[in-house]
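Taking it in order: structure first as structure tokens, then the write-up.
The values are calculated or read from the model by the stated rules, or taken from the named source; none is laboratory data. No experiment lies behind these values; they were computed from the predicted model shown. Neighbour counts run over all protein chains shown; Cβ positions are idealised from the backbone, glycine included.
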């Protein structure tokens with residue numbers, strides 16, 4: 001028995017929560033922006049994530065994953081472009097953290113290289129969200145399991161599943177934004193600790209990039 005074309009909705013809800021709680025470049029970036037620039041900038045980054053996720057969901061519905069499987073060279077190109085971008089963001093954050101740790105100036109000053117990655121948080125988060133072809137494949141394989149193929153209007157269950165994961169994502173990112181602002185208050189007078197945290201975030205982005213570079217279609 002399905003709920004408007006959605007099969008086993010509660011299993012999907014549990015799975016969606018687990019997926020959202022897994023750390024990824026989107027959530028780490030939003031947390032970093034909120035810690036560095038406050039709640040408003042954090043929500044600008046979150047809006048970039050929402051728009052990026054919406055585009056990925058639409059691409060999934062239109063069969064983008066099948067296109068990538070049909071043309072593996074296209075997948076490879078997108079994959080390496082995304083990996084290079086994530087690594088570039090990570091390296092800039094690490095370099096900014098090194099400069100911050102060496103600087104004799106106040107800890108509240110954000111190094112220029114690090115600040116560049118925190119400017120225009122909506123655009124930056126949107127690009128980070130979109131340059132992840134693995135997400136399209138994952139969304140497709142995850143969604144298909146919970147859509148009744150015999151349902152007359154397949155767009156309805158797809159919209160329900162999309163709405164559920166977007167609501168959970170919004171709640172989670174909001175929690176990260178307010179956590180980020182609290183962390184900023186705690187680390188503001190601790191330059192070395194703040195620089196270490198920034199460098200650790202940069203390392204995570206490089207790791208995300210390496211994982212994406214080794215991603216496969218299977």
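Those residues that are over 22 Å from residue 37 (Cα atoms), over 22 Å from the mean Cα position of the chain (by Cα) and at pLDDT 75 or above, I need them from segment 61-113; list them, please. 70, 71, 72, 73 - these are the residues of segment 61-113 that are over 22 Å from residue 37 (Cα atoms), over 22 Å from the mean Cα position of the chain (by Cα) and at pLDDT 75 or above.
Within segment 9-43, the set of residues being touching a residue at least 12 places away in the same chain (Cβ under 8 Å) and farther than 23 Å from residue 97 by Cα comprises 9, 11, 12, 13, 15, 16, 17, 19, 20, 21, 43. Would it be correct to say that residue 49 is in contact with a helix residue (DSSP H, G or I) (Cβ under 8 Å, 6 or more places away or on another chain), buried (at least 20 other Cβ atoms within 10 Å of the Cβ), farther than 30 Å from residue 160 by Cβ and at pLDDT 80 or above? No, not satisfied. As a summary of the residue check, residue 137 satisfies the conditions (1) at pLDDT 75 or above; (2) within 21 Å of residue 16 (Cα to Cα) except for the one numbered (1). Of the residues 178, 208, the single one that is modelled with pLDDT of 75 or more and in contact with a helix residue (DSSP H, G or I) (Cβ under 8 Å, 6 or more places away or on another chain) is 178. When the criteria are applied in full, residue 213 fails the requirement of being surrounded by fewer than 16 Cβ atoms within 10 Å (Cβ to Cβ) and modelled with pLDDT of 80 or more.
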